[in-house]
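Enquirer: Questions regarding the structure given below will be posed in turn.
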Amino acid sequence: MREDTSKNSIDTRSRILDAAEALFMEHGFDGTSMRLITGQAGVNLAAINYHFGSKELLFQEVFRRRLTDLNRLRVAELDALEAEAGGAPLKPSRIVEAFFGTALRMAADVEGGGHTFMRLLGRTYTEPNDFVRQFLAEEYAECVDRFLAALYRALPEVGRTEILWRFHFMMGAMSYAIAGTDALQLLAGKFDDEDPARLAPRLMSFLLGGLRAPLADSGPA
């Protein structure tokens, strides 16, 4: 009986997380009510309060369920690359692949929920409120610091401020691309090429081009 109760509790928690993940992706944090979550998960408010305590804590758990593992995988890949390099700077393409490639592979996982989560992450990156901004900054801090340090070593001829800007642009490009094709369809109309698996090579080429591009002359025209 105790084992059945425990299993039911785990199933309920997973249903709430799945429902919240999809709804946060569709409506954003502020636009998702607890009523929407309880309705989609098929639970009452007491169940959410029991497992998570509040909408803010539920949101954090939705992200920690996948983002913690994603960042751990990124850092593990970077560790392996740096060990292989034996102290030499890494190629920028390998750094970009370790950080952004792992995210794009998750985004291609439609069946396992990775695609929904990465669309949520993309939306959240472009539409953060103060609570979300602070939470994501804390979740990303260690991982991003490691990758920026690797980029500084890989591109010594590029100023650190410029690398920060380019990393910001790369994060934005990935987030916007993963968030969906709705905006693109406003410009180009309906098109059939929406396979998440095709996004990775297309976007990686764009990101590397932007990272390596010479700095434009900022002087008078």
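Enquirer: Quick one: length gained pulling Leu81 to Arg160 fully straight, 0.36 nm per residue minus the C-alpha distance? Working shown, then result.
Expert: On the way: separation 79, 0.36 × 79 = 28.44 nm, distance 2.15 nm.
26.3 nm is the gain from fully extending Leu81 to Arg160.
Enquirer: What is the distance in Å between the Cα centroid of region 20-77 and that of region 91-124?
Expert: That distance is 18 Å.
Enquirer: Same structure again: Please give the solvent-accessible surface of Arg74 in Å², to the nearest 10, using a probe radius of 1.4 Å with every protein chain present.
Expert: Roll a 1.4 Å probe over it and Arg74 shows about 0 Å².
Enquirer: Continuing with this model, one more query. Apply the Karplus parameterisation 6.51 cos²θ - 1.76 cosθ + 1.60, with θ equal to phi minus 60°, to every residue of region 84-98 and state each ³J(HN,Hα) to the nearest whole Hz, in sequence, with x for glycine and proline.
Expert: My calculation for region 84-98 gives 5, 6, x, x, 7, x, 7, 5, x, 4, 6, 5, 4, 5, 5 Hz in order.
Enquirer: Next question, about the same structure. Residues of region 31-127: accessible area per residue at 1.4 Å, in Å²? Intermediate values should be presented prior to the final figure.
Expert: Working: 4530 Å² over 97 residues.
Per residue, region 31-127 has 47 Å² of solvent-accessible surface.
Enquirer: Using only the alpha-carbon atoms of the chain, report the extent along each of the three principal axes, biggest first, to the nearest angstrom.
Expert: 65, 46, 33
Enquirer: Here's a follow-up. If you take the charge dipole of region 111-182 about its Cα centre, with +1 on Lys and Arg Cβ and -1 on Asp and Glu Cβ, which of Leu121, Ala177, Leu148 is farthest toward its positive end?
Expert: With unit charges placed on the Cβ atoms, the residue in question is Leu148.
Enquirer: For a Förster distance of 41 Å, can you work out the FRET efficiency between the beta-carbons of Tyr152 and Arg15, rounded to the nearest 0.05? Display every interim value, and only then the final one.
Expert: On the way: r = 44 Å, r/R0 = 1.07.
It comes out at approximately 0.40.
Enquirer: Another question, if that's okay. Using a probe of 1.4 angstrom, how much of the accessible area of region 1-153 is carbon and sulfur, in percent?
Expert: On the way: 3990 of 7870 Å².
The C+S portion of the solvent-accessible surface of region 1-153 is 51 percent.
Enquirer: Let me ask something else about it. Could you give the length gained by full extension between Asp130 and His27, i.e. 0.36 nm per residue of separation minus their alpha carbon distance, to one decimal place?
Expert: Details: separation 103, 0.36 × 103 = 37.08 nm, distance 1.69 nm.
Going from the current span to full extension adds 35.4 nm.
Enquirer: How much mean residue ellipticity at 222 nm does the chain get from its helices, if each DSSP H run of length 4 or more adds -39500 (n - 2.57) and you divide by all residues, to the nearest 500 deg cm²/dmol? Could you put the intermediate results ahead of the total?
Expert: On the way: 11 runs with 166 residues, N = 221.
The helix contribution divided over the chain gives -24500 deg cm²/dmol.
The values are calculated or read from the model by the stated rules, or taken from the named source; none is laboratory data. This one's a predicted model, so the numbers in the text were calculated from it and none came from an experiment. Quick reminder, even Gly has a Cβ in these numbers, built from the backbone with ideal geometry, and neighbours come from all protein chains shown. To get the accessible areas, we keep the full protein, side chains included, count just its heavy atoms, and leave off ligands, DNA and RNA. Shrake-Rupley method; radii C 1.70, N 1.55, O 1.52, S 1.80 Å.
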